[in-house]
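Step one of this worksheet: look at the structure below.
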Amino acid sequence: MSIIGLGMDLIQISRIEQTLIRHGERFTRRVFHDYEVRLANTRKKNAEYLAGCFAVKEAALKAFGDFPGRGIPWSEIFITHERTGKPVLHFEGRAKALADEKGANRYHVTITHDGDVAAAVVILED
């Protein structure tokens, strides 16, 4: 196996928090997958969680080498979690088609938060 792409992104959590205040549900529906929104709504620090999700989406597009992308909807790039809490990266729709086109069969993601920053790294492998 070899690495097809590597992407990294970081974002200020307060930026996502302000966007949530200004645009609320319109923003979350446009950017986040239903799973991410449902999980965020169960968390006390939902802006922190959504900032991590947002960083994953940008890192994935960078790993594709197509940032800012081919008009791939943000919500087609999303994470779920294993029982251990480990994030699992998923693509659907146009994002999945691009992953297939690039030959990406394995996806790796890590997310971290510190203070007002959320960061993510995505690795795509064949």
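Taken together, the values in this text are just the output of simple stated rules run on the coordinates, not laboratory data. Since this is a predicted model, take the numbers as computed values, not measurements. Cβ: placed from backbone, ideal geometry, glycine included. Neighbour counts: every protein chain shown.
Brief remarks follow.
- Restricted to the stretch 14-126, the set of helices (runs of 4 or more DSSP H) holding at least 2 residues that are buried (at least 21 other Cβ atoms within 10 Å of the Cβ) comprises 46-64, 93-102.
- Listed by first and then second residue, the pairs with beta-carbon distance under 6 Å, at least 6 apart or on different chains, first residue in the stretch 82-95 and over 15 Å from E125 (Cα atoms), second exposed (fewer than 12 other Cβ atoms within 10 Å of the Cβ), are P87/H81.
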